[in-house]
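The block underneath contains the structure these notes are about, expressed in structure tokens.
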Amino acid sequence: QVQLVESGGGLVQTGGSLRLSCVASENIDSLDAMGWYRQPLGKQRELVATSPRSGSRIYADSVKGRFIVSRDNFKNTLYLAMNSLKPEDTAVYYCNAVQASTNYWGQGTQVTVSS
């Protein structure tokens, strides 16, 4: 059972930046993949960025060039640096981990971008 705890959300103005963190209960280098998803109010959860154990990172078209996913294996932490934030980035952001075809989710952290 992988436990994930997100932090770093908050209220920011358009054009601002935030960095989300996700601390895992296990060595993240042993996980098949980690990533970030978001769910705007009243909408479905959508992929933001993935960071597989091997292979290239994948970003949603809407965040390419603005968001960067990275990891610190020593701290068992996944990060999401969000720059040039827009009101449409407002959502609950969830950390995801995949291990042996099982998905694990954090509790989510709210990001609100004011216009």
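The values are calculated or read from the model by the stated rules, or taken from the named source; none is laboratory data. Here the structure is a predicted model, which is why all the values come from computation and not from measurement. Quick reminder, even Gly has a Cβ in these numbers, built from the backbone with ideal geometry, and neighbours come from all protein chains shown. The accessibility values were calculated without ligands, DNA or RNA, using every heavy atom of the protein model including side chains. Shrake-Rupley method; radii C 1.70, N 1.55, O 1.52, S 1.80 Å.
Strictly greater than 14 Å: what percent of every Cα pair in the range 52-115 meets that? Can you show the working numbers first?
On the way: 1358 of 2016 pairs.
Tail of P(r) above 14 Å: 67 percent of Cα pairs.
Amide H to amide H, which residues 5 or more places from A33 or on other chains are under 5 Å from it, using H placed in the peptide plane?
Answer set, sorted by chain and number: R53, V98.
With a 10 Å radius around each residue's Cβ, average the other Cβ atoms per peptide and rank 19-31, 39-51, highest first.
Numbers: 19-31: 17.5, 39-51: 14.1.
The most tightly packed comes first, giving 19-31, 39-51.
If I compute solvent accessible area with a 1.4 Å probe over the protein chains, what percent of it on the range 1-107 is carbon and sulfur? Intermediate values should be presented prior to the final figure.
Details: 2770 of 5730 Å².
That share works out to 48 percent.
What whole-number value in Å² describes the accessible area per residue of the range 12-115 for a 1.4 Å probe?
In whole numbers, the range 12-115 has 52 Å² accessible per residue.
What number comes out for the charge environment of R66, summing +1 per Lys or Arg and -1 per Asp or Glu over other residues with Cβ under 9 Å away?
Details: positive: K64, K86; negative: D89.
Spelling it out: positives minus negatives among the neighbours equals +1.
Percent antiparallel among DSSP beta bridges with both residues in the chain, to the nearest 5? Please list the in-between numbers first.
Values: 38 of 42 bridges.
Looking only at bridges with both residues in the chain, the antiparallel portion is about 90 percent.
Could you give the length gained on full extension between S30 and S7, defined as 0.36 nm per residue of separation minus the Cα-Cα distance, in nm? Please list the in-between numbers first.
Details: separation 23, 0.36 × 23 = 8.28 nm, distance 2.19 nm.
Extending this stretch completely gives an extra 6.1 nm.
Using modelled amide H (1.01 Å from N, peptide plane; none on Pro or chain starts), what sits under 5 Å from the amide H of G16, excluding residues fewer than 5 places away?
It is L85, by chain and number.
Could you tally the net charge around S54, taking each other residue with its Cβ under 12 Å from the Cβ of S54, Lys/Arg +1 and Asp/Glu -1? All intermediate terms of the calculation are to be shown ahead of the outcome.
Values: positive: R53, R57; negative: D29, D32.
In short, 0.
Using each residue's phi in the range 70-87, evaluate 6.51 cos²θ - 1.76 cosθ + 1.60 at θ = phi - 60° and report the 3J(HN,Hα) Karplus result to the nearest Hz, with x for Gly and Pro.
8, 9, 10, 5, 5, 9, 6, 10, 10, 10, 9, 8, 10, 10, 6, 5, 10, x
Please give me the summed charge of the neighbours of V113: other residues whose Cβ is under 11 Å from its Cβ, Lys and Arg +1, Asp and Glu -1.
Working: positive: K86; negative: E88, D89.
Charge balance near V113 sits at -1.
Just the ratio, please: alpha-carbon radius of gyration of the chain over 2.2 N^0.38 Å, N its number of residues. Let's see the in-between values first.
Values: Rg = 13.3 Å, N = 115, 2.2 N^0.38 = 13.4 Å.
Cα-based Rg divided by the globular estimate yields 1.00.
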